[in-house]
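Participant: I'd like to ask you about the structure that follows.
Taken together, the values in this text are just the output of simple stated rules run on the coordinates, not laboratory data. Computed from a predicted structure; not experimentally measured. Here the Cβ positions follow ideal geometry from the backbone for every residue, glycine too, while neighbour counts run over all protein chains shown.
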Amino acid sequence: MCKHVLNAQVAIRSPCCRKWFDCAECHQEKEDHQLLQSFDMTFACKKCKKCFRKDAREFEESDEYCPHCDNHFVIDAITPKPSLQVEGEDVRVDSRMLKDERTRGEDQRTIFNLKDAADRLG
Ligand SMILES: [Zn+2]
Ligand SMILES: [Zn+2]
Ligand SMILES: [Zn+2]
C-alpha cells in the first residue's frame, strides 16, 4: 500500500524497471535509480483491476477516467500529514541519520553560497 497518496486510484507501471507503483515516491523509496519519465504510461485501475495505457502528450479530460469502469483516477491526492516533530527527534537520536542530514545540508549550502556569491558580485 502506498503511504504517500492515500486515495490512489491507479497503480502506474514504471517505464524504467517495469514494476507497479502507486506513486513516484514509492518508486524512489524502493528503487535505487531515478524514475524514467515516459509519455507512454501504463496504468492499472484499482477499482476494476484492469490495465490501460495513456499517452501523456494527448491527455484530455476524458482520459482522467478509467476506460473500463469510468473510475475517475486523476484526483487531488490525499497525503498523510507530516509529523515533523517526531522526525526531528529521530534525527537527533540516530547518528547515522544525522550524518546523512549534514551531507545533504552541505550540498544545499553549496548551492546557496554560489547564489550568495553571485548576488554579492552582481
Ligand atoms: Zn524504476
Ligand atoms: Zn507512494
Ligand atoms: Zn477501472
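Participant: Could you please tell me which pairs satisfy a Cβ distance under 7 Å, a separation of 6+ or placement on different chains, a first residue in region 1-28 that is without any contact (Cβ under 8 Å) to a residue 40 or more places away in the chain, and a second residue that is of a type in the set (F, W, Y) and more than 16 Å from ligand 3 (Cβ to nearest atom)?
Facilitator: A11/F21; I12/F21; S14/F21; H27/F21
Participant: Does K3 satisfy the criteria of being over 25 Å from D70 (Cα atoms), out of contact with any helix residue (DSSP H, G or I) (no Cβ under 7 Å at 6 or more places or on another chain) and within 10 Å of ligand 2 (Cβ to nearest atom)?
Facilitator: Values: over 25 Å from D70 (Cα atoms): no; out of contact with any helix residue (DSSP H, G or I) (no Cβ under 7 Å at 6 or more places or on another chain): yes; within 10 Å of ligand 2 (Cβ to nearest atom): yes.
No.
Participant: Kindly indicate whether any position in region 34-42 is in contact (Cβ under 8 Å) with a residue 24 or more places away in the chain, outside any helix (DSSP H, G or I) and not aliphatic (A, V, I, L, M).
Facilitator: Within region 34-42 (the criterion being in contact (Cβ under 8 Å) with a residue 24 or more places away in the chain, outside any helix (DSSP H, G or I) and not aliphatic (A, V, I, L, M)), the answer is yes, since at least one residue qualifies.
Participant: Let me ask another. Could you grab me the full set of residues in region 7-28 that are among the aliphatic types (A, V, I, L, M) and assigned to a strand (DSSP E or B)?
Facilitator: Selection gives V10, A11, I12.
Participant: Which of the residues spanning region 42-59 are over 15 Å from F21 (Cβ atoms) and within 14 Å of ligand 3 (Cβ to nearest atom)?
Facilitator: Within region 42-59, K47, C48, K49, K50, F52, R53, K54 qualify.
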